[in-house]
Structures are given as structure tokens and as C-alpha cells.
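This report refers to the structure that appears directly beneath it.
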Amino acid sequence: MKYTYECSEKEFTAVMGVFSTLIKEVAKVSKLKIKHASRRAAQDPVEVVQAGEDEDERDADVLPFRPAVVRRPTEQEVEDAIVNETEPLPEEMIKQAKLIALGERKFMEFIHAWLVGINMETMGLLEDVVQPNRELLLRDLCNSPFSFPVLSYVRSKGGLQRAIFAVTGDKALARRLPDFIVPPASIVFSDLADTYEYTNPWKDEE
């Protein structure tokens with residue numbers, strides 16, 4: 001659709017005057033922006049304007065982001081980093097660490113199951129508490145795929161007492177509990193019984 005706008009010569013002159021004033025104002029604003037951008041570039045030569053960034057966003061009253069100063073390492077720092085670089089662990093060591101971690105978890109579960117229904121101060125059985133079949137706990141552990149990880153963990157700690165202390169944090173319990181574990185273990189799980197230290201590992205109660 002086309003529209004025809006009719007006006008007098010006087011009205012046409014007034015409209016053109018408005019357009020002329022508008023064009024001058026736009027030109028004035030453009031010059032100010034260019035001058036402002038030049039001043040910023042002179043003050044901060046490292047500032048980079050991203051391509052396609054909106055002009056209004058660039059001219060907003062926001063402090064410009066200054067990139068961090070990158071310091072090159074000295075030759076001595078590079079040499080030290082090479083010398084002190086940690087070598088990757090051998091695959092066998094990684095496997096052994098995972099085996100021991102698994103053994104620790106299963107040994108902890110075994111000890112907690114054994115202690116159900118026991119007064120840990122007197123080591124007597126608690127009344128009105130269903131007691132677990134502790135011989136069966138040992139037998140099940142011995143015949144499970146976790147027997148070797150458990151043995152690896154106990155041996156890594158230095159023996160049965162130290163391993164119990166590691167999972168309970170109670171040194172007195174670690175000294176007394178093996179007296180109840182070792183006798184049945186010598187029958188159904190002799191390898192575990194063999195890890196018992198027959199002397200006090202801490203030498204503080206003798």
C-alpha cells in the first residue's frame with residue numbers, strides 16, 4: 001500500500017529542519033563515542049573489544065575487564081617442576097591400593113557385625129539382644145571373595161590388633177577383642193588367626 005502525504009511548503013520546510021537537527025545530533029553523538037573509545041584505548045591498550053559486541057554494552061557504565069597479567073616461569077622454576085614432577089604409580093601399586101581399600105571396608109563390616117550384642121567395656125554378652133552366629137561370620141568371610149582383600153588389609157596394618165584399632169579407634173578393644181576372634185578363627189579361618197600379634201603392639205600396657 002502506498003500513502004501520499006500532502007503538505008504546504010511551510011510545513012515541508014519545518015519537517016526538513018527537524019530532520020537536519022536530528023542528523024546533526026546523531027553525528028555529534030557518534031563523534032563523542034569515537035573520542036571516548038580512543039581515550040579508553042590510550043589508557044588501556046590491552047583492552048580488546050570482542051567482535052559483534054553491542055555498542056550500547058561497550059559504552060555502559062561498567063568497569064572494563066582487565067585480563068590477568070601472565071608471568072612466564074623462570075628457567076629455574078621450569079627445571080624444578082620437571083625434577084619434582086610426580087611419576088604415575090605403577091599399575092600393580094594401584095591394584096594393591098584398591099585391594100586394601102576393599103579389604104578395609106569388608107573388615108570393618110565384619111568387626112561391626114561381630115560386636116552386635118557385646119558390652120564393649122566388659123566384653124560380656126548383652127541381655128535381650130539377639131546374638132549373631134560369630135563362627136558363621138568367620139566362615140562366611142573365609143569362603144567369600146573378600147577373604148583375600150581382608151587378609152591383605154590386616155597384614156598391611158601390621159596385624160589383627162592394629163587392624164581392629166584402625167577401624168574402631170579403640171585401643172583397649174583392639175587388645176581384648178582378638179581373644180574372642182582368634183580361637184574360632186584358628187579352626188574356620190586360620191589365615192586370619194595367623195595375623196594376630198602375640199605381644200602388645202603399642203607397648204603401653206606392659
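Derivation of every value follows stated rules applied to the coordinates shown; laboratory data play no part. These numbers were taken from a predicted model, which means no experiment stands behind them. Cβ placement follows ideal geometry from the backbone for every residue including glycine, while neighbour counts extend to all protein chains displayed.
In the structure shown, the pairs Lys95/Lys203; Lys95/Lys157; Lys106/Lys157; Lys98/Lys157 are assessed against 22 Å; a Cα-Cα span above that value is assigned to Lys95/Lys203. For region 115-125, the Karplus equation 6.51 cos²θ - 1.76 cosθ + 1.60, evaluated at θ = phi - 60°, returns couplings of 7, 4, x, 10, 7, 6, 7, 9, 6, x, 7 Hz by residue, with Gly and Pro reported as x.
For region 91-193, a crude dipole built from +1 on the beta carbon of Lys and Arg and -1 on the beta carbon of Asp and Glu, taken about the Cα centre, is about 360 debye to the nearest 20. What are the ³J(HN,Hα) couplings of region 163-170, residue after residue, when phi is run through the Karplus curve with 6.51, -1.76, 1.60 and θ = phi - 60°? Round to Hz, x for glycine and proline. Whole-Hz 3J(HN,Hα) from phi for region 163-170: 5, 5, 4, 5, 9, 10, x, 10. Taking amide hydrogens as placed 1.01 Å from N in the peptide plane, the amide H of Ile118 sits under 5 Å from those of Leu126, each at least 5 positions away in sequence or on another chain.
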